1. Stretch Glu587-Glu645 to full length: gain in nm at 0.36 nm per residue minus the Cα-Cα span?
2. How big is the gap, in Å, between the Cα center of the range 624-655 and the Cα center of the range 541-574?
3. Report the gain in length on full extension from Asp171 to Asn281: 0.36 nm times residue separation, minus Cα-Cα distance, nm rounded to one decimal.
4. Would you please give the FRET efficiency between Trp316 and Glu548, computed as 1/(1 + (r/R0)^6) with r the Cβ-Cβ distance and R0 = 45 Å, to the nearest 0.05?
5. Using a probe radius of 1.4 Å on heavy atoms only, what accessible surface per residue do you get for the chain? Whole Å² is fine.
6. Can you tell me the equivalent ellipsoid semi-axes for the chain? Use √(5λ) from the Cα gyration tensor, largest first, whole Å.
7. At 7 Å along Cα-to-Cβ for each site, give me the label-to-label distance between Phe109 and Val662 in nm.
8. Could you calculate the FRET efficiency of Lys141 with Arg395 from 1/(1 + (r/R0)^6), where r is the beta carbon distance between them and R0 is 35 Å, rounded to 0.05?
Amino acid sequence: MILDERIQKIPYGGDYNPEQWPEEIWEEDMRLFHKAGIDIVTLNVFSWAALQPSENVYDFEKLDKIMDLVEKNELKVCMATSTAAHPAWMAKRYPDILRVEYDGTKRKFGSRHNSCPNSPTYQKYSVRLAGKLAERYGKRKNIVAWHVSNEYMGECYCENCEKAFRVWLKDRYGTLDELNRVWNTSFWGHTFYDWDEVVLPDLRSEHFWGERTNFQGISLDYRRFNSESIQRCFETEAAEIRKYVPDAKITTNFMGTYKPIDYKKWAKSMDFVSWDNYPENKSPWSWTALVHDLMRSLKGGMPFALMEQTPSVSNWLSACSLKRPGVMRLWSYQAVAHGADTVMFFQMRRSIGACEKFHGAVIDHVGTENTRVFREVAALGAELNELGSHTLGGRCHSKVAVYFDWEIWWALEYSAGPNANFKYPDEVFLYYRALAEQNYAVDFVCEEDDLDGYEVLIAPAFYMTKTGYDEKIRAFVKRGGTFVTTFFSGIVDEHDLVITGGYPGRLRDILGIWVEEIDALPPEEHNQISYEGIEYPAGLLCDILHPEGAEVLSTYETDFYAGFPALTVNHFGEGKAYYVATRLPEEFYHIFLRERMEEKGIAPVLEREAVSFPGGAGSRSSIEATERFADGKSILYVLNHGSEEAQITLSSDRKDLLHDCVLKKGEQIRLESKGVLILESAD
């Protein structure tokens with residue numbers, strides 16, 4: 001359980017902002033919440049200005065009333081600290097709190113996350129507020145979680161940060177000689193002779209072409225520093241809460257694949273991971289599944305909280321399309337299927353002003369239950385109540401791990417070359433999607449995670465090989481594991497310094513190849529390969545390589561490197577290491593990875609043969625299947641993301657938890673478009 005052990009069902013609710021409304025509306029909200037099955041609210045997310053109207057004055061009168069009201073109505077509370085937006089008086093009196101942008105612009109008061117994480121003012125008052133909230137409300141039994149700040153984001157380039165960065169560098173590298181070495185400052189005569197000569201990497205110094213930078217090592221370290229600086233803000237607030245509530249369950253809401261913050265490192269400081277899921281209607285379901293699995297994997301497979309999603313529409317897209325009927329329910333269960341132990345929304349009641357007035361809500365501007373969205377929310381609330389505790393605490397099991405590292409993402413996309421269209425998450429998604437759409441269970445790992453228990457490790461675009469990690473891979477393959485990596489791997493160390501002696505550096509013996517050159521192709525140009533009798537266009541990057549013991553499985557067919565290997569496998573110890581030297585279409589990865597799974601005897605959660613379409617027009621890739629395990633039982637989730645009805649044939653006896661009936665092995669179950677099956681293993 002990620003929350004209170006007394007919780008006996010999936011908590012259902014989300015962000016509630018009664019302070020934006022007159023008090024006479026609050027009682028009506030309580031009636032509507034009860035009707036919708038809402039049993040948890042996140043309170044106090046953006047109330048700092050109301051709670052602290054001046055430097056030494058705190059006013060909790062309204063929050064006291066709100067807390068009394070929700071307690072009387074038996075609602076659980078996720079208590080936020082309000083520190084994502086500082087008060088206007090604070091910015092006026094203490095301008096050091098205001099951030100400086102990437103181009104050197106000093107911000108004024110406004111927006112949110114406009115506080116410098118290294119500002120003494122912010123550090124003082126944010127921690128003080130968190131402590132006062134914990135002291136005042138910490139003994140309330142209905143508070144089941146603490147929510148520090150909200151959607152931490154952004155970067156700051158002010159003098160506070162510059163001074164703190166120099167201290168961080170001294171702690172990390174010890175001497176200027178070492179700093180100059182890891183940053184390769186002999187290039188362009190950038191050698192530093194005093195710590196005070198170090199300046200922040202922004203548009204006034206090292207950066208160009210958007211995110212590209214002249215000195216990747218400097219910019220990479222600043223990304224690390226910025227992420228750690230903001231993380232310390234979270235940690236100091238959490239520590240202050242624990243002074244008054246030692247057993248508090250503390251989190252903050254992540255934003256999936258949000259680039260500037262290293263969520264893997266952050267997760268260590270959190271009691272449980274939570275995240276906000278806002279895909280576009282046109283987003284592949286497998287992309288959302290990837291992020292759910294990534295969030296779950298941040299704390300070793302521990303269940304996570306779906307902290308926010310929209311009941312109907314997101315307000316920041318170029319075209320803010322409605323969620324079609326059934327999609328809110330489908331996506332809610334998708335989160336549960338991948339490890340969520342909560343289903344929560346932003347927002348409970350739709351705001352009447354500012355930038356989120358057209359963002360979806362449980363209670364729309366009409367203010368009644370007579371809307372399609374409310375009826376769908378209420379129907380899901382009733383289902384979750386009936387489902388009870390069956391799914392809580394369930395873990396996902398996988399024999400397949402995909403490597404994902406924020407530092408690789410930063411370093412790879414900071415580089416000037418080899419191809420501006422080369423994006424780290426895109427390469428990871430190609431491999432994940434092929435697995436997910438064939439219903440293989442997947443975990444994500446990073447450098448510190450144990451590889452025991454995994455049979456296959458996939459590391460797309462493994463650009464950075466950190467010191468010692470090649471030994472981890474070497475041991476994994478030697479004992480029988482299958483390692484799959486791709487073009488532009490093993491190029492640099494953790495400082496973004498090229499590992500000399502031939503690509504792929506420390507992985508060369510494991511893969512049994514040497515990459516001599518790398519050809520970057522614009523989108524309109526392709527080479528060609530053939531695999532298993534099928535022709536595929538090869539693009540983006542083409543590594544030109546020589547086998548050094550590896551077996552060649554496919555070669556390039558055009559240009560001056562026609563005949564050079566494009567796909568290889570090296571037998572290493574008891575295992576195998578595959579190298580995919582170019583970007584290929586989705587269809588290739590489906591075939592290639594299914595073969596790797598079959599080699600290792602890894603079965604999908606739901607076999608392809610178990611899915612059929614009575615109408616004949618459906619696609620197996622639209623059927624998602626996952627499995628969670630708890631208390632000696634498995635729960636199989638089958639979700640139909642397609643527009644056609646499907647038919648699922650069971651391979652074992654199962655109990656249908658949504659319809660409270662027993663289904664027999666071999667039975668064919670109808671699964672309507674946007675439908676969900678939740679099937680518990682029989683006793």
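The values are calculated or read from the model by the stated rules, or taken from the named source; none is laboratory data. Keep in mind that what you see is a predicted model, and the values were worked out from it rather than measured. Positions of Cβ are generated from backbone atoms using ideal geometry, with glycine treated the same way; all protein chains shown enter the neighbour counts. Heads up: the accessible areas ignore ligands, DNA and RNA and are worked out on the full protein's heavy atoms, side chains in. Shrake-Rupley method; radii C 1.70, N 1.55, O 1.52, S 1.80 Å.
1. 18.5 nm
2. Centre-to-centre (Cα) distance: 40 Å.
3. Working: separation 110, 0.36 × 110 = 39.60 nm, distance 4.60 nm.
Answer, rounded to one decimal: 35.0 nm.
4. The pair Trp316/Glu548 has a calculated efficiency of 0.35.
5. Value returned for the chain: 38 Å² of accessible area per residue.
6. That gives 41, 36, 21 Å for the three semi-axes.
7. 6.7
8. Efficiency for this residue pair is about 0.80.
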